[in-house]
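Let me begin by presenting the structure, written as structure tokens, before commenting on it.
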Amino acid sequence: MYIDLRGIKLKFRLVRSTFERVFTKKEEAGLLEQYYKGKHLFNGTCFRLERVVEESGMVVLEVSETDFYSLLVTNLLHRELLVLQTRSVTEYTVLDDKYFSNNLAISVVLEDTENRVLLAKRSTEVAIGGKIYATSVTGSFDYTDTVDDGFRVLFDLVRKEVFEETGIGITENELEVQGLFIGKEKLQPVLLCKVRLGVSFDVSSLGGMDADLEVNGFDIVSKDRLRSYLEMPMTEVARYHLGLEKVNIGVKA
């Protein structure tokens with residue numbers, strides 16, 4: 001599922017959570033040990049996307065508080081666990097199901113002045129999507145109780161994640177909100193964003209404070225080489241996100 005948000009004002013609204021836990025804390029700990037043993041796990045507090053509402057020419061994302069571990073044992077294990085398989089949830093219905101954590105995430109494509117994009121090779125130690133290609137930067141949407149300015153909330157998160165993973169600083173006028181994507185496999189809502197940098201990657205020293213933990217390296221890729229990268233193992237959201245680049249790479253956007 002994809003909702004195009006280009007040129008549309010974005011707003012967040014905090015609402016009461018409708019999430020109901022499927023597993024006890026003890027059961028959750030057992031599932032984490034079984035499915036993510038040896039992976040780097042940190043249980044942060046995140047936004048749960050409750051619903052998407054159109055109001056007065058803007059799109060409102062109604063969000064509540066959840067945590068990362070709940071995402072790991074619901075949206076990401078829905079095909080593995082019988083209790084979740086019986087829900088028959090799809091990318092079109094997952095937001096209506098109270099038993100899925102639905103943590104809001106971001107996917108960011110960085111483009112430099114030479115129209116090249118930055119792709120990240122995921123680390124083997126991350127819990128999700130290890131050893132495969134992703135967009136420049138990805139991350140969970142950190143919870144905040146101050147959401148009056150939707151674009152500012154998103155920009156602050158994108159700026160932090162971009163700097164922590166790549167070491168690149170960005171400005172507000174470089175950020176474009178592209179859309180909201182929910183894939184068939186992961187079922188996680190992701191805000192797709194693009195940052196058009198005012199410099200070339202060649203003048204940047206790539207690698208932020210979290211780079212060693214989350215990525216094995218970066219590839220600087222021209223638009224005409226993107227097709228070859230799509231033949232490599234890649235996250236579902238990255239494959240779709242790169243399709244928005246409007247080049248002939250064989251992906252329906």
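The values are calculated or read from the model by the stated rules, or taken from the named source; none is laboratory data. Owing to the predicted nature of the structure, the values given are computational and were not obtained by experimental measurement. Virtual Cβ from ideal backbone geometry, glycine too; neighbours counted across all protein chains shown. Accessible surface is based on the protein model in full, side chains and every heavy atom, while ligands, DNA and RNA are left aside. Shrake-Rupley method; radii C 1.70, N 1.55, O 1.52, S 1.80 Å.
The criterion of at least 1 residues that are among the acidic types (Asp, Glu) is met, among strands (runs of 3 or more DSSP E) falling completely within segment 1-99, by 2-4, 45-55, 58-67.
Hey, could you check segment 80-93 for residues that are out of contact with any Lys or Arg (no Cβ under 9 Å at 6 or more places or on another chain) and in contact (Cβ under 8 Å) with a residue 24 or more places away in the chain and say which is least open to solvent (accessible area, probe 1.4 Å)? Taking the candidates together, the pick is Leu84. Among the conditions (1) in contact with a helix residue (DSSP H, G or I) (Cβ under 6 Å, 6 or more places away or on another chain); (2) among the hydrophobic types (A, V, I, L, M, F, W, C); (3) exposed (fewer than 15 other Cβ atoms within 10 Å of the Cβ), the only one that Leu187 does not satisfy is (3).
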